[in-house]
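What follows is a single structure, written as structure tokens, with notes after it.
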Amino acid sequence: MRNEINEAHESAEQSSDTPDFDVKRRVVIPGEIIVSSEDALPGDGARREGENIVANRFGLAEEAGRLIKVIPISGAFVPRRGNVVIGLVTDITYAGWLVDIDSAGSAFLPIDESPRFINRNELDQFLKIGDVVAAKIWSVKSSKSIDLTLKARGLGKLEDGFTFKIIPARVPRVIGREGSMINLIKDKTGCNITVGQNGWVWIKGTSTDSEIKARKAIEFIANNVHLIGLT
Amino acid sequence: MTKEFKRIDGIKNNELRPMMAKVGVIPNADGSAIFAFGNTIAIAAVYGPKQLHPQHMQNPATGILRVNYDLLSFSVSDRKKPGPSRRSQEISKVTEWALLPAINLKEFPNTVVDVSIYILQADAGTRTAGINAASMALAHAGIPMRYLVCSVAVGKQDKSLVVDLTKEEEDFEEGEGATDFAIAKIANSDELTLLQMDGKIAPELVNDAVKMATESFKEIYEVQKKALKDFIEAPADSLDKKKKGAKK
């Protein structure tokens, strides 16, 4: 049952961000011309300036057909709809829980989005302040209102184990294509691992030893983005 | 009056001190960089975008930039009393204005991007080194930016213009004395974002000073660009060593 937690994360997340060896990639800095072409289209992190497509941020420029985009390699987590994140319950209101997901603005988990019926007067029976939860971002209206849900496979309160943080931009790498990387680590160490898009990683294994091994493997991948063979 | 003016360390008038730049020096920050002009060393860290408190400062139309510049107490020969001073508050503000036109925080309403600049070692030109470091740190933090920002101080020793003064040159007192003219420019554009001058300069010379700085910006830009690219392409530790242990 535990293993299911992870699958929910992997399916949706790394569709576009995993390295693809057919496309050209190179490091660009803000203001650097990526291509000079009239029919190229600027995607995320790029803009058009006259006849050039120019990088809008620091990252890896990727040319996929006509679309040019810049993939982030550093920086803070920017919440998007559909992201699975790991957060910390910081407050309980009459309508749900406030969750710190380590982004600008905290997220709200409404009582209706919990997987089972919860009495409004006993919210802390399900999640207490200080609990760690894996949730999916249901909507992002502005940085002030991020709504979470637990209504998907594998989401919910994370019990036991431990969490640590990696650079959010490295999460797609850690998960790997279709979850190949994280599944490999899970298989080899026998740990349950959940990777949130906000950079929080939760590990629970049968022994401390295997948990530490899993953590070291994840940190190694996160710290070595430049190694092309690592996918 | 001598025609050929000699700088104290014997370098040419339009020559910068040796520069050093590195990105990603503070693991806990979202973006960080270190930049040095000779003995002047500045380190910058960027945090955010994050929720802005106090709430009344929040802007629903855009994120805001908040810069804090300070000298560390050991950076100067007479210990600097820690904490904000009139000087550091002023430099924080002008640095903020120098960087703001280059970045775009419209995607992050109600948030703040905090930039902390600390001077590890001061030998004149600290605000310019700070701006250079901060612009790299902002890029490293993945903040949407139009361009990097480059900055340098042009000075005057008696009658000749020199670029990137040291403290010793700044204290030059012969003839017309020394002038310190800090300039920042958005790279790849003609927009100047910082013009601050101490001392005296003939109005005709201002244009020459800006031209001189513009030439130097090309060099500074290359250093900044290289530092950012090296962060991914050639990290400090040896690549080969890591490749061996990479797969499985």
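Read-outs throughout are calculated quantities, based only on the coordinates presented, and are distinct from any laboratory measurement. Keep in mind that this is a model prediction, so the values were computed, not measured. Here Cβ is always computed from backbone atoms with ideal geometry, including for glycine, and neighbour counts include all displayed protein chains.
Cβ crowding within 10 Å ranks B:ASP123, B:ASP114, A:ASP100 as A:ASP100, B:ASP114, B:ASP123, fewest other Cβ atoms first.
Overall form of region A:94-187: prolate. Here a/c, set by the Cα gyration tensor axes a ≥ b ≥ c, is 1.5 or more, and a/b is the larger of a/b and b/c. Residue by residue, region A:152-165 carries 3J(HN,Hα) couplings of 7, 5, x, 8, x, 5, 9, 10, 6, x, 8, 10, 8, 10 Hz when phi is fed to the Karplus relation 6.51 cos²θ - 1.76 cosθ + 1.60 (θ = phi - 60°); x denotes Gly or Pro. The orientation-averaged projection of the convex hull spanning the C-alpha atoms of the protein assembly as shown amounts to 26.6 square nanometres. Annotation: extensible slack from B:ASP78 through B:LYS106 equals 5.8 nm (criterion: 0.36 nm per residue apart, minus Cα-Cα distance).
For chymotrypsin sites (Phe, Trp or Tyr not before Pro), the sites in region B:6-80 that DSSP calls loop and that have at most 14 other Cβ atoms within 10 Å are B:PHE74. Only Lys, Arg, Asp and Glu carry charge here, each on its Cβ (+1 for the first two, -1 for the last two); on that basis chain A has a dipole of about 160 debye about its Cα centre. Taking other residues whose beta carbon is less than 9 angstrom from the beta carbon of A:ALA107, and scoring Lys, Arg as +1 and Asp, Glu as -1, yields -2. Distant-in-sequence amide contacts of A:ASN83, defined by a placed amide H-H separation under 5 Å and a gap of 5 or more residues or a different chain, comprise A:ILE137. Taking label points 7 Å from Cα along the Cα-to-Cβ direction, A:GLU219 and A:THR93 give a separation of 3.7 nm.
Across peptide A:72-81, the average count of Cβ atoms from other chains found within 10 Å of a residue's Cβ is 5. Ranking of A:TRP138, A:TRP202 by neighbouring Cβ atoms within 10 Å, starting from the fewest: A:TRP138, A:TRP202. Less than 5 angstrom separates the built amide H of B:TYR69 from those of B:SER92, B:ILE117, all sequence-distant by 5 or more or on a different chain.
Taking Cα centre as origin and charging only the Cβ of basic (Lys, Arg, +1) and acidic (Asp, Glu, -1) residues, the dipole magnitude of region B:131-198 rounds to 600 debye. Between the amide H of A:ILE73 and those of A:LEU60, distances stay under 5 Å, these residues lying 5 or more places away or on another chain, with hydrogens modeled in the peptide plane. Max-minus-min Cα coordinates of chain A on each principal axis give 61, 40, 22 Å, with the largest extent listed first.
Over what distance in Å are the Cα centres of region B:83-132 and region A:99-136 separated? The distance from the Cα centre of region B:83-132 to that of region A:99-136 comes to 38 Å. Sorting B:TRP97, A:TRP200 from the fewest to the most surrounding beta carbons within 10 angstrom yields B:TRP97, A:TRP200. Site-free segments of chain A were taken between GluC sites (Glu not before Pro) in DSSP loops having at most 13 other Cβ atoms within 10 Å, sites themselves excluded; the longest one is A:52-158. Computed over the alpha-carbon atoms, chain B gives an Rg to Rh ratio of 1.01, Rh here being the Kirkwood radius from the mean inverse distance. For the segment A:26-38, counting C-beta atoms of other chains within 10 Å of every residue's C-beta and taking the mean gives 5.
Peptide B:110-117 has a mean shielding of 2, counted as Cβ atoms of other protein chains within 10 Å of each residue's Cβ.
In sequence order, region B:173-180 has phi-based couplings of 10, 6, x, 7, x, 9, 10, 10 Hz under the Karplus curve 6.51 cos²θ - 1.76 cosθ + 1.60, θ = phi - 60°, and Gly or Pro positions carry x.
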